Each structure stands twice: as structure tokens, then as C-alpha cells.
1. Under the rule of at least 5 residues apart or a separate chain, name every residue whose amide H is placed under 5 Å from the amide H of Ile56.
2. Pick from Pro55, Pro156, Pro171: which residue has the top mean-square fluctuation in a GNM of the chain where Cα pairs under 10 Å get a spring?
3. What distance in nm separates the simple spin-label points at Ala155 and Thr181, each placed 7 Å from Cα in the Cβ direction?
4. Based on the mean of other beta carbon atoms within 10 Å per residue, what is the order of 140-148, 186-194, most packed first?
5. With a ≥ b ≥ c taken as the square roots of the eigenvalues of the C-alpha gyration tensor of segment 23-214, please select rounded if a/c is under 1.5 and otherwise prolate if a/b is larger than b/c or oblate if it is not?
6. Give the long-range amide H neighbours of Met185: residues separated by 5 or more places, or on another chain, with amide H under 5 Å away, using H modelled in the peptide plane at 1.01 Å from N.
7. Could you run the Karplus curve 6.51 cos²θ - 1.76 cosθ + 1.60 with θ = phi - 60° over segment 107-116 and give me ³J(HN,Hα) per residue in whole Hz, x for Gly and Pro?
8. Give the long-range amide H neighbours of Arg176: residues separated by 5 or more places, or on another chain, with amide H under 5 Å away, using H modelled in the peptide plane at 1.01 Å from N.
Amino acid sequence: MKKLTSLFLALLLTLSLCVPALAADEPSDWAHAEVDGAIGHELVPADLQSNYQAPITRAEFCRLVVQLMRKTFAEDFVEFAEENGGFSHSFTDTNDREILAAAELAIVNGVGGGKFNPNGSITRQEAATMLARAANVLMLTPGLALSFQDAGQFAPWARDGIDFTSGLIDPFNQWRVMGGTGNDMFSPFGSYTREQAICTMMRIYDNWLMKTMDPDGYNEMFGFG
């Protein structure tokens, strides 16, 4: 009887330890619908469908943005570049094809000294800048930008990207590609997670989808000419 009790307690302990690990592989409640939508539209590589609350790396961001371009252009830009003379960009710390493709599209830059820092994390203002460049490649037009109390903290190179992403609104759920973090703050130096990156890619994709499928309705919704 004592052995059975011990086994039962050991099993309960094992299960209790497994639950948090499983929960960590689920998106946050606010992100669940958009993450599911992004996965359904094949915007998220299989190995990025976990650890949703972890800070996204620069390399992972490149993989997401290049996948976005694959789905919108219906063409693999990585293969296209390799078949037509290769990449004009290079970095001393990585030869990752999708990083090079994102650099070729002028969506990402290096960090200086010929390096890209693929495993480095991304701040919110860096994310806004790169997302705005991706949206520009897709020829999307933002509406009125939000005003933020901490605008004085924005890096000069990030201001246009923050204006763009706070002004670009998902036509289906009305979420801004990047809004604030509360109390009219943007938090430019805040971290940027994997699930946040997936959701913002989905919002850009939604803009592209509606503008492509129903341009008149899209323009009427946002008051564009």
C-alpha cells in the first residue's frame, strides 16, 4: 500500500511539473486568435510555434518576415536571389539565407562592423522600424499615427517606423500593427516577443490581403483616395 501511495504521489508531482512546461508552449490569451490565424495562413515556421513569450531573436524575426514575403508574393525570394546572382549583402557572423534575403529586401540591417548579431534580441522601436519596411515592400499605406508620452525617448531613426506601425490598422480586427504599452506609452526600449512578432506579421498580412482582394473596400474603410 505504501508503495502504491508513493507511486501515486510521484505521478502527481510529475504531472504538476509538466503543466507549466506545456502552458509555456501556448500563446498568451490576448495573442491566441492571431497566432492561430498566422499559423493557419502558413506565416509561422513549425519550429517557431512554441516559446511564444520568449524574446524573439534577430534571426527568428528574419525568418518570419521572409515567410511573410513568400506568402504575399507567392514566390520564394531566397531561391529567386540565389538563382539570379546571389545576395549582395554579407555578414561576418552569419550566412543564414533568410537573414541575407531580409537584408536584400532592405528590411533589416547589420549592427555595424560587418556583423548582424543573429542571436541578439529586438527592442520595440527596432521591431517597428523593420515592420514598417516590410509593409513598405508590400506598398501598404498607414493612417493617422498615435501620439505617445515617451516620444522624446525614440531614436531618430525609429520615429518614422513607430508612426507607420501605429497608424497601420488591421482591417479585420482593428488592432494597430504596433500600438502602445499602456498610459499612452510606446516603451521603445521594451523587449519584443515571439508572439508579438507573429501577431504583427498577421496584421500586416491582413492589410495586404484586404487591399489585394477588395481595394475599393480597403480604401473606403480607411479613407484613402
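Nothing in this text is a laboratory measurement; each read-out follows from the coordinates by a stated rule. In this text the structure is predicted, and so the values were computed from the model without any measurement. Cβ placement follows ideal geometry from the backbone for every residue including glycine, while neighbour counts extend to all protein chains displayed.
1. Answer set, sorted by chain and number: Ile122, Tyr192, Thr193, Arg194.
2. Pro156
3. Going by the 7 Å Cα→Cβ label model, 1.5 nm.
4. 186-194, 140-148
5. Taking the square roots of the gyration eigenvalues as a ≥ b ≥ c, segment 23-214 is rounded.
6. Those qualifying (amide H under 5 Å, at least 5 residues apart or on another chain) are Gln149.
7. 8, 10, 10, x, 9, x, x, x, 9, 10
8. Residues meeting the criterion, in which the H sits 1.01 Å from N, are Asp170.
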